[in-house]
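Following: one structure in structure tokens, then a few remarks.
Nothing in this text is a laboratory measurement; each read-out follows from the coordinates by a stated rule. None of the values given here were measured: they were computed from a predicted structure.
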Amino acid sequence: QRPPVSFPDQLFFDSLPEKYCRAAASFKYMTGAVISSSPELHWGLGIDGYVQWTSPIRRYNDLLVHWQVKKLLHNEIPLNGLDIVRCVMGYEGNLQTANQIARKSDRYWLIEYLKMHKN
């Protein structure tokens, strides 16, 4: 995660109730995930390198991470950066489209629900 383009000063956050309210306010300024073949700074966690690794059934990118770790554990040469980029090139655009459709669908059904329960 890259640093936000803009971020309010500390006085803004100090004026909010602690914990959840401050965390929710900071979400507005967070940037999206970055897919890269090399480690990059994760601004939100404050660490130099980060990889998201969950069940390979859920996300194709996680399957790639599992392949890389498996190759390293078996003393094999992992995929290079160019191979990884080739694997995810088409996937990234499809993922963004799917996320956009899901957001619009959620919004549509929320509006429909609110119309039915006006009173």
(i) 37, 13, 11; (ii) 34, 24, 13; (iii) 19, 17, 14, with the label sought being that of the calculated semi-axes √(5λ) of the Cα gyration tensor in Å: (ii)
Relative contact order [Cα under 8 Å, 6+ residues apart], segment 16-119, whole percent: 15 percent
Extension gain, Lys70 back to Ser6 (0.36 nm per residue minus Cα-Cα distance, nm): 19.1 nm
Candidate aspartates and glutamates for bridging to Lys19, where Cα separation is under 19 Å - those fewer than 8 sequence places away on the same chain excluded: Asp9
Cα-based helix-to-principal-axis angle, 60-73 vs the chain, degrees rounded to 10: 40 degrees
For segment 83-89, 3J(HN,Hα) per residue [Karplus equation, 6.51 cos²θ - 1.76 cosθ + 1.60, θ = phi - 60°, Hz, x = Gly/Pro]: 5, 5, 4, 4, 5, 9, 3
